[in-house]
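Just below is one structure, and these are the notes that go with it.
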Amino acid sequence: MGDLGSRPARAGAPPRDARQRRGPGVRARAAALLRACRPKQWVKNLLVFAAPGAAGRLDDPAVFGWTAVVFVLFCVAASGTYLLNDVRDAEEDRRHERKRRRPVASGALSPRFAAVAGAVLVVAAPLAVLPTGRLPLFVVLVGYLLLTGAYTLWLKDIAVCDIVAVAGCHVLRALAGGVAIGVPFTSWFLIVVLLAALLVVAGKREAELRNPGSGGGRATLARYSVRYLAQVRTMAAGAMIVTYCLWALENHTGPELGFHAASIVPFIMFVLRHHLLVDRGQGEEPEEIALRDRPLQVSLLGLVVLVGLGIYVG
């Protein structure tokens, strides 16, 4: 008699070890692919709403709808670059205490599949713009992809250039929202966005240095010091606050001036809170603290509300 505790295999069913050799199923691979696209980092692409919002155009349904499309396009493009970057950095990520859990580094997603998916997304995003005839948006999106590609291949290993490259990606996101609907840019807007990007990126590098083992083999970290990055962060924050205050207090009158002047308070609180979090070593993942830190969210909400009132009501 056979073993009473075992079940006979179904006719035609492949052996269990053969099924295991096939790797993860379709659902597991889809989940791993989604994680590799880093949905939490899509929050960065909300910068595309900055220029239309500052120009007072987001109350137009057509403008808002098209800006939302630009947001989606940048999410697709960014996800493609994340996949390609993870394929290139898989060995380094496996030595990182947190990044080793990424799908490519952990083996949940094969490098070949991730590379193909990343290439498809990178190509699909700009191609989707061509039928609309919005050439400036196409140029900005391609520029973003070229800059991220250069960062992945070369710039990430060059001190200072790596910080400027990542900050430049943030600026291109903000530019995309404006060129998509033909909004003119002011020098105030571009300077504040650039300085804010430098502040965040310098804080990210500083947090990586403050947390032992956090760098994950990043070549440039050995060329930085906490003191230098703190100085960059302080310089960017000081210049950004001054620039914002000048914008808020100049060329505005009546209730508009009152709302914009009041927005200086949550703006400074937002910057100070970010400084505190970085000093605690929590700035390595800016999107994480933006999604989890309540005081930071309250400051940002107050800033958006007051600026919005100044633009759309004042």
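Listed values, structure above:
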read-out: Neighbour net charge for Leu73 - beta-carbon separation under 14 angstrom, K R +1, D E -1; value: +3
read-out: The chain: angle of helix 111-129 to the longest principal axis, Cα-based, in degrees nearest 10; value: 40 degrees
read-out: For the chain, accessible area per residue (1.4 Å probe, heavy atoms of protein chains only), Å²; value: 52 Å²
read-out: Over the range 114-258, relative contact order from alpha-carbon pairs under 8 Å, at least 6 apart, %; value: 21 percent
read-out: Relative contact order of the range 183-314, defined on C-alpha pairs under 8 angstrom at six or more residues apart (%); value: 31 percent
read-out: DSSP loop GluC sites (Glu not before Pro) with at most 16 other Cβ within 10 Å: longest gap in the chain; value: 98-249
read-out: Mean separation of Cα contacts under 8 Å (6+ apart) over length of the chain, as relative contact order %; value: 18 percent
read-out: Protein accessible area in the chain, 1.4 Å probe - carbon and sulfur %; value: 67 percent
read-out: Translational diffusion coefficient (Stokes-Einstein; Kirkwood radius from C-alpha pairs) of the range 170-314 at 4 °C, 1.567 mPa s, in µm²/s; value: 79 µm²/s
read-out: Relative packing of 139-148, 301-310, which averages over residues the other C-beta atoms within 10 Å, highest first; value: 139-148, 301-310
read-out: Cα shape, the range 99-226, gyration tensor, a/c 1.5 rule; value: oblate
read-out: The chain - mean residue ellipticity at 222 nm from DSSP helices (-39,500 (n - 2.57) per run, n ≥ 4, rounded to 500); value: -22500 deg cm²/dmol
read-out: Hz values of 3J(HN,Hα) by residue in the range 51-66 - Karplus curve (6.51, -1.76, 1.60), Gly and Pro given as x; value: 5, x, x, 5, 8, x, 10, 6, 7, 8, x, 5, 5, 4, x, 5
read-out: Two-site label geometry, Arg27 and Gln231: point separation in nm, points 7 Å out along Cα→Cβ; value: 5.6 nm
read-out: Å³ per residue enclosed by the Cα convex hull of the chain; value: 179 Å³
read-out: Val304 paired with Asp157, simple spin-label distance in nm, labels 7 Å along Cα-to-beta-carbon; value: 4.0 nm
read-out: Mean Cβ neighbour count within 10 Å, used as a protection proxy, ranking 38-48, 164-174 highest first; value: 164-174, 38-48
read-out: Angle between the chain longest axis and helix 187-210 axis [Cα atoms, degrees, rounded to 10]; value: 40 degrees
read-out: Pairwise FRET efficiency - Ala128 versus Arg88, Cβ, R0 = 30 Å, nearest 0.05; value: 0.75
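The values are calculated or read from the model by the stated rules, or taken from the named source; none is laboratory data. Worth saying up front: this structure is predicted, and the values here are computed from it rather than measured. Every residue, glycine as well, gets a Cβ built from its backbone with ideal geometry; the counts of neighbours run over all protein chains shown. Keep in mind that these areas ignore ligands, DNA and RNA; they rest on the heavy atoms of the full protein, side chains included. Shrake-Rupley method; radii C 1.70, N 1.55, O 1.52, S 1.80 Å.
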